[in-house]
Amino acid sequence: MKKNSPLLGIYTFLIFLFLLGPLLIISATSFGPNEVLKFPPDGFSFRWYENIFEVDMFMKTFVTSIIVSFAGNILALLLGVPAAYALSRYDFKGKAFLNAIFISPVLIPGVVFGFTLLKYVIVTFQIPIYAGLLIGHTVLMLPFIVRVIASSLANFDFAVEEAAISLGAGRVETFFKIVLPNIKSGVIAGVIIAFLESFNNVDVSVFMTGPGVSTLPIQMLTYVENYFDPTIAAVSVLLMLLTGVLMFLIERLLGLTYFTKR
């Protein structure tokens, strides 16, 4: 197919329509005045966006999701940064196995992973639900932290680190003053990606939540079971905007725009 072929343009348009069509429909229905989800809407109203802040459980679970995502991110960073550094800096026996362990939460189906956490973290060890939810999300975010930071370290010249050590700097001081500033964009990008994965997660959270403890995506599922108004569409639009802003930041931090322009 030629580069300027009209068929290529039509094909590309159909792909974008297939991908973006459902999002556009959800966005349109969120502004409808109807009591039920309807497309096309009969008018224009912000009442369902106002309703988000009137439903108490949406606000409570939003706070829970934010706390779990941020706290889990900190724990994942404390574990993931040293792991990514060790995997990138050194060659040692069992390195491939350790790397497979860190990536396994992404490879295992979410339902299986969530059920396993429920069985061994909540049931076997009797860990409180909130703590279990935090552990589950930390493990869920860890592969994203490790892989993104390891990718940044792959482009780092460790000769600079060796030079600093040879001049008298300690290894810990060198890491924080030399290595970390050079990979800060990768660290921030990893944090944002992990945050999005945690905040929007359903398959693990549905097993790790319980009475009095829930996340926003799980609360949205519960709401849909009892109501069919466009409030969920309005929540979805706000989450799409949040995701879009964070992905834009990731693009800027990783310099993707720069590479596409060259």
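The values are calculated or read from the model by the stated rules, or taken from the named source; none is laboratory data. All values reported here derive from a predicted model rather than from experimental measurement. Here the Cβ is made from the backbone with ideal geometry for all residues, glycine too, and neighbour counts use every protein chain on show. Just so you know, the surface numbers come from the protein's heavy atoms only, side chains and all, with ligands and any DNA or RNA stripped out. Shrake-Rupley method; radii C 1.70, N 1.55, O 1.52, S 1.80 Å.
Tabulated values for the structure
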read-out: Most fluctuating residue given options 144, 102, 156, as computed from a GNM of the chain linking Cα atoms under 10 Å; value: 156
read-out: Surface share of carbon and sulfur [accessible, 1.4 angstrom probe, percent] for the chain; value: 72 percent
read-out: Radius ratio Rg over Rh of the chain, counting only Cα atoms, Kirkwood formula for Rh; value: 1.05
read-out: The chain - mean residue ellipticity at 222 nm from DSSP helices (-39,500 (n - 2.57) per run, n ≥ 4, rounded to 500); value: -23500 deg cm²/dmol
read-out: Region 22-115: GluC sites (Glu not before Pro) in DSSP coil with no more than 13 other Cβ atoms inside 10 Å; value: 35
read-out: Charged-residue dipole, Cβ positions (Lys, Arg, Asp, Glu), the chain about Cα centre, Debye nearest 20; value: 900 debye
read-out: Semi-axis lengths (Å, descending) of the ellipsoid that matches the C-alpha gyration tensor of region 141-262; value: 40, 19, 9
read-out: Heavy-atom accessible area per residue - the chain, 1.4 Å, Å²; value: 59 Å²
